[in-house]
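Following: one structure in structure tokens, then a few remarks.
The values are calculated or read from the model by the stated rules, or taken from the named source; none is laboratory data. This structure is a prediction, so every number in the text was calculated from the model and none was measured. Note: ideal-geometry Cβ built from the backbone for every residue, glycine included; neighbour counts use all protein chains shown. All accessible areas refer to the heavy atoms of the entire protein, side chains included, with ligands and DNA or RNA removed. Shrake-Rupley method; radii C 1.70, N 1.55, O 1.52, S 1.80 Å.
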Amino acid sequence: MVARSALGEAGPPFEMDIERGKIDEFARAVHATSAAHFEGDHPVIPATFLTTTFFWEKRVEGANPWSLVQMSEERGMHAEQEYVFHGPPPRAGDRLLCTSKVTEMWDKQSRSGATLTFVKMVTEFRDRTGKLVAEGILTGVERQL
């Protein structure tokens, strides 16, 4: 069962370096076709590249507060992933400061009458000046017994 006490919990910040080679690998893996992901010294990331933040957050203990939600592995699932960019997407050579926070929880009745508990976690990506560059919004859902 979802731990409602996780609402508002945030992990400590962690850094994410945007590397040219990793952009190339990721773009090829997702079959990206835009030359912007492959050309020049500072190619732009594909929109879903920010998913790789999961590799970077492991360098800072507690950076991902999702474990505090305690969503059941048997009844829970990743329901949605969204990326919002507040300007041009990051490029190779950028360093982002990232922070993840559990921001919302709500219940909804399913068509079968079961209670569904939704949880949203937002990861903010900021540049070296502190400007918000992008947000990754993860939504999970757990079906209650």
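Sequence neighbours fewer than 8 away in the same chain don't count; with that in mind, list the lysines whose C-alpha is under 28 Å from K108. Answer for K108, where 28 Å is the Cα cut-off: K120, listed by chain and number. Over the chain, the fraction of Cα-Cα pairs per 5 Å bin, rounded to whole percents and listed from the shortest bin up, is 2, 10, 18, 19, 17, 13, 10, 7, 4, 1, 0. Under a Gaussian network description of the chain, with springs only between Cα atoms under 10 Å, the residue in Q70, Q81, Q109 that fluctuates furthest is Q109.
When the residues R143, R128 are ordered by accessible surface, computed with a 1.4 Å probe over the protein chains alone, the sequence from largest down reads R128, R143. The charge dipole of the chain, taken about its Cα centre with unit charges on the Cβ of Lys, Arg, Asp and Glu (plus for the first two, minus for the last two), comes to roughly 260 debye. Rounded to the nearest 0.05, what FRET efficiency do M105 and V30 have when you use their Cβ-Cβ distance and R0 = 25 Å? FRET efficiency, M105 to V30: 0.20. Please determine, in degrees from 0 to 90 and to the nearest 10, the orientation of helix 20-29 with respect to the longest principal axis defined by the Cα atoms of the chain, where the helix direction is its Cα long axis. Computed tilt is about 60 degrees. Computed over the range 1-92, relative contact order equals 46 percent, with contacts defined as Cα pairs under 8 Å that lie 6+ residues apart. The helix-only estimate of mean residue ellipticity at 222 nm for the chain, built from DSSP H runs of length n ≥ 4 each weighted as -39500 (n - 2.57), is -2500 deg cm²/dmol after division by the residue total. Evaluated with a Cβ-only charge set (Lys, Arg +1; Asp, Glu -1), the range 78-145 carries a dipole of roughly 120 debye about its Cα centre, given to the nearest 20. When the chain is treated as a GNM with alpha-carbon contacts under 10 Å, the residue of A114, A63, A32 showing the greatest mean-square fluctuation is A114. Here the Karplus curve 6.51 cos²θ - 1.76 cosθ + 1.60, taken at θ = phi - 60°, turns the phi angles of the range 6-16 into couplings of 6, 4, x, 6, 10, x, x, x, 9, 9, 10 Hz, with x standing for Gly and Pro. A Förster distance of 41 Å, applied to the separation of the beta-carbon atoms of L97 and L145, puts the FRET efficiency at 0.55. Each Lys or Arg adds one and each Asp or Glu subtracts one; over the other residues with Cβ under 15 Å from the Cβ of E73, this totals 0.
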